[in-house]
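Scroll down for the structure; my scribbles are underneath it.
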Amino acid sequence: QVQLVESGGGLVQAGGSLRLSCAASGRTFSTYTMGWFRQAPGKEREFVAAISDISSTYYADSVKGRFTISRDNAKNTVYLQMESLKPEDTAVYYCAATSRIMGVIQSQYDYWGQGTQVTVSS
């Protein structure tokens, strides 16, 4: 069982930056693929970024070049550095974990955090 706790959300102006963190419990964190998803009001949850156990990364086109996902296995933590934020990035951001191969579909992930709100003002 893996428990995930996100932090780092908040209110930021367009063009600004935020770094989200996701702290995971468990001794096998390094073996998991970790992902970030987001859900804007009235919209479905969508894939943002993922990082594999060997730190291969994959991004949604909408965030490529602006967001960076990384992990620190010594701290059982995955990060999402967000730059050049836009109002359309406003959403609740969720961290997720899977023991399977890296994927972009929610059902591929077994464990989820409670989410952290990111609001980007124009």
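The values are calculated or read from the model by the stated rules, or taken from the named source; none is laboratory data. Quantities reported herein were computed from a predicted structural model and do not represent experimental measurements. Heads up, the Cβs are rebuilt from the backbone with ideal geometry, glycines too, and the neighbour counts pull from every protein chain shown. For the accessible areas, the whole protein counts, side chains as well, though only heavy atoms, and no ligand, DNA or RNA atoms are used. Shrake-Rupley method; radii C 1.70, N 1.55, O 1.52, S 1.80 Å.
Between T68, T57, T77, T28, the distinction of being closer than 23 Å to Q13 by Cα and not small (G, A, S) belongs to T68 only. Quick one: is S84 among the hydroxyl-bearing types (S, T, Y), over 19 Å from R27 (Cβ atoms) and open to solvent by 20 Å² or more (accessible area, probe 1.4 Å)? Against the criterion (among the hydroxyl-bearing types (S, T, Y), over 19 Å from R27 (Cβ atoms) and open to solvent by 20 Å² or more (accessible area, probe 1.4 Å)), S84 qualifies.
Considering the conditions (1) among the hydroxyl-bearing types (S, T, Y); (2) in contact (Cβ under 8 Å) with a residue 60 or more places away in the chain; (3) within 18 Å of Q117 (Cβ to Cβ), S21 is excluded by exactly one of them, (2). Among the residues examined, G8 qualifies as touching a Ser or Thr at 6+ places or on another chain (Cβ under 6 Å) and either open to solvent by 20 Å² or more (accessible area, probe 1.4 Å) or more than 18 Å from G103 (Cα to Cα) (or both). Look at region 37-63: where a residue is closer than 17 Å to T98 by Cα and without any contact (Cβ under 8 Å) to a residue 60 or more places away in the chain and a partner is open to solvent by 60 Å² or more (accessible area, probe 1.4 Å) and assigned to a strand (DSSP E or B), sitting 6+ places away or on another chain with Cβ atoms under 6 Å, you get A50/Y58; I51/T57.
As a summary of the residue check, F29 satisfies the conditions (1) without any contact (Cβ under 8 Å) to a residue 40 or more places away in the chain; (2) surrounded by 12 or more Cβ atoms within 10 Å (Cβ to Cβ) except for the one numbered (1). The single condition from (1) open to solvent by less than 70 Å² (accessible area, probe 1.4 Å); (2) in contact (Cβ under 8 Å) with a residue 12 or more places away in the chain; (3) not aliphatic (A, V, I, L, M) that Q108 fails is (2).
Among the residues here, G65 qualifies as modelled with pLDDT of 95 or more, open to solvent by 10 Å² or more (accessible area, probe 1.4 Å) and in a loop (DSSP other than H, G, I, E, B).
Among the residues of region 99-112, none qualifies, meaning not one is in a loop (DSSP other than H, G, I, E, B) and on the phi > 0 side of the Ramachandran plot.
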